[in-house]
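Working notes, structure below.
Derivation of every value follows stated rules applied to the coordinates shown; laboratory data play no part. Remember, it's a predicted structure, so these values are computed and weren't measured experimentally. A quick note on method: Cβ atoms are made from the backbone with ideal geometry, for glycine too, and the neighbour counts reach across all protein chains shown.
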Amino acid sequence: MKLPHLASSLAALSLALSACVSSSSTAPLTTRTYEHDSRAVAVAPASGSAPAAAAPAQAAATPEQVVERILALEASESHVDEYLRALCVDIGPRLTSSTQLHKACEWTRDQFASLGLVARLEQWGEFPVGFDRGPWRGGMVAPSKLDFEFNTFAWTPGTHGAARGKALPFPTSEEQLAALREHIPGAWLVRPPASELKDADGNVLFEKPPQPSNELIEKVQDAIVELGGLGELRGARSDLLLTDGNSRIAWDELPKLVQIRVRKEHHDQLWRELAGGAPVELEFDIQNTFVQGPRPQYNVVADLVGASKPDEFVIVCGHLDSWDGAQGTVDNGTGCATTLEAARLLMRAGAKPERTIRFILWSGEEQGLFGSEGYVRDHAGELAKVSAVLNHDGGTNYLSGLRCSAQMEPQLRVACAALFGLAPEMPFELKPNAEGMQVSPDSDHWPFFKAGVPGFFWEQAGRSNYNKYHHTQYDTLDAAIPEYQRHSAVVAAVSAFGLSNLPELLDRTNMKAPEPRRMGVRLEGNKIASVSEGRAKSAGLLAGDVVLAIDGHTVKTQAGISNEVSKGAPRKLFQIQRGEQTLEVALDWSDDPDEPRRVEAAQRRAEREAQRKAEADAAKAEAAAKKAAESTTSATEGSKP
């Protein structure tokens, strides 16, 4: 961050905020409170370098002075790195239902409270079985020693100590399984690689082995458990080890099969040894522990209470849970650290927002957005007064902007005025869309968006390769980029403060793009396989009808039908084959509330397409003229004596 670039941005923000901040007096901040479900297990706060208590906040200031202080504070005394280290190293990975996640919930609640926020834990549900992952090690011990890089699925058993045994190739037929059964006790079964193996020169070291069917895999797994086998090994598709797992288990039916996934390079080497016929022995020591539930699960919620509109909210959030194959840094310790730091910056700067800024760290995100879904369910009465949800869950790259609707863009430009030009090397921009917000459904902003609340997933940019770290063994503290983290904390704090001080809640007009025209059928090609409630049923279409044409245009595929339905006027004439009959049936969307916006969107698309065509034609004509001129010049020069 470079402070010399701030003058123009701060001047713009000063004018904007002075026009929109209420003149009412600022209410004193409520003293900190601790609240959590009585069933929660008490744990000690994490030891670590993150501050246990905050320095006192500065005196009350105007909104523009608050922003100036935020920028100066982050440049001189950032704590975002300490927060991240405490979460990812001192506490470690934070799988939903684990003891470490609960420890992280209580620790982050305490951190928010130490800043002077109203902090609490809110239970959204419970897991019937908890899972704690301990250390793991293992590999090949004969005929040579090779320590494997590997992982196991969450919510699967460990080895209960070192487990050493022979390695056997996984059977690929019923006959092989029958012959192998007597050798399974005390053995590790190794699944074949999914492809051939070549050396650096392209020479084939082994062909792709035969593969077991899914049905056979289940039979072999049952035999391993029944006969006292040690477990199964499979190879990863690459050198990235993705961690996942199935949390839907019961205490009286715990999984019994040890399942190991080995880095591809190591698995290929193991298979070469097995294919060569040499006796191979493996040893693994995996400390996985099931914890009897039910285990309550929580979101961490902390409020910087609004001065004049305490019952209206701007939410700043990230998810605290992680997969447990590494340290949960990029996904999503980084978003939690910037959320904590945004809260600290606002408190230290003496911020007195008009609306309440609510900081939330979710859990259960990785298993299905459980924490945010639960919050939307339990706070349904507040959703109409949530101005915006700002969700940081895209890793360590810097927060670079927001995708928004055209209607909310003017308000966002006021709220984010200080961020434009803040750091030229980390630019900030808004990306308005006339048809509505472009929102992905894969993080904690989504339950809010579904409920009609502006839920934003931050745009991010930078040099970090998110896919290398996302759910892999490389998601460790060294994946974080400190300068990006510091900048993102400022972006989160300034934008939330700006939104909290707008005269009105963020405009929700046309927030959602219009739904496409729906028939209410399931198609198989151009045949109607089934009919549900909707326009097709109202028009008399039946399962088994074949769509031949729409508005005179022949259709033969599902895509073709969808394309014709989406185009042009809302009334469509279908030509249908029903047995030996050919019928004409009209479907009409004229009374659909979304239809006017569909027409506008279609007109905009047509205009854009016409503009692209005109530009392409102009470029083509220019190229032709240039080529003709070059030909004329060449001919003239060739005719000279």
Check your understanding: Whose amide H sits under 5 Å from the amide H of Trp124, counting only residues 5 or more places off or on another chain, with H placed in the peptide plane?
Key -> Gln297, Tyr298, Asn299
Study note, to complete from the structure: Per-residue ellipticity at 222 nm attributable to helices in the chain (runs of n ≥ 4 DSSP H, -39500 (n - 2.57) apiece, nearest 500 deg cm²/dmol) works out to -10000 deg cm²/dmol
**Study point:** Stretchable slack from Glu126 to Ala625, in nm (0.36 nm times residue separation minus alpha-carbon distance)
**Key:** 172.5 nm
Point to revise | Long-range HN-HN contacts of Asn288 with modeled amide H, under 5 Å | key: Gly134, Gly158, Thr159, His160
Check your understanding: How high is the relative contact order of the stretch 245-391, in percent, counting Cα pairs under 8 Å that sit 6 or more residues apart?
Key -> 30
Exercise for review: Could you tell me the distance between the Cα centroids of the stretch 192-231 and the stretch 111-155, to the nearest Å?
Suggested key: 28
Check your understanding: Given (i) 35.8; (ii) 26.6; (iii) 28.8, which label gives Kirkwood radius over Cα pairs in Å as computed from the coordinates?
Key -> (iii)
Review point. Along the positive direction of the dipole of the chain (beta-carbon charges: Lys, Arg +1; Asp, Glu -1; about the Cα centre), which of Pro93, Phe206, Gly394 reaches farthest?
Key: Gly394
Study note, to complete from the structure: In the stretch 100-159, taking the dipole from +1 charges on Lys and Arg beta carbons and -1 charges on Asp and Glu beta carbons about the Cα centre, the listed residue (Phe127, His102, Phe148) farthest towards the positive end is Phe148
Review point. Which percent, nearest 5, of DSSP beta bridges in the chain are antiparallel?
Key: 65
Revision key, fill the gap. Everything considered on the Cα gyration tensor (a ≥ b ≥ c; rounded for a/c under 1.5, else prolate if a/b is larger than b/c, else oblate), the stretch 132-238 must be described as oblate
Practice item. With a ≥ b ≥ c taken as the square roots of the eigenvalues of the C-alpha gyration tensor of the stretch 69-187, please select rounded if a/c is under 1.5 and otherwise prolate if a/b is larger than b/c or oblate if it is not? Key: prolate
Check your understanding: Which of the peptides 560-573, 482-495 is most tightly packed, and how do the rest follow, going by the mean number of other Cβ atoms within 10 Å of each residue?
Key -> 482-495, 560-573
Study note, to complete from the structure: Restricting to Cα pairs under 8 Å and 6 or more apart, the percent relative contact order of the chain works out to 16
Practice item. Can you figure out the FRET efficiency of Glu218 with Lys166, using R₀ = 25 Å and their beta-carbon distance, to the nearest 0.05? Key: 0.65
**Study point:** Charged-residue dipole, Cβ positions (Lys, Arg, Asp, Glu), the chain about Cα centre, Debye nearest 20
**Key:** 1000
Practice item. Could you size up the charge dipole of the stretch 55-165 around its Cα centre, putting +1 on the beta carbon of Lys and Arg and -1 on that of Asp and Glu, and report it in debye to the nearest 20? Key: 640
Practice item. Which order do the peptides 141-151, 614-624 take when ranked by the mean count of other beta-carbon atoms within 10 Å per residue, highest first? Key: 141-151, 614-624
Review point. By per-residue mean of other Cβ atoms within 10 Å, what is the highest-first order of 531-543, 355-367, 79-91, 323-335?
Key: 323-335, 355-367, 79-91, 531-543
Review point. Looking at this model, which pairs from Lys527/Lys567; Lys219/Lys527; Lys385/Lys512 are more than 28 angstrom apart at the alpha-carbon?
Key: Lys219/Lys527
Review point. In percent, how large is the relative contact order of the stretch 490-615, given Cα pairs closer than 8 Å and 6 or more residues apart?
Key: 18
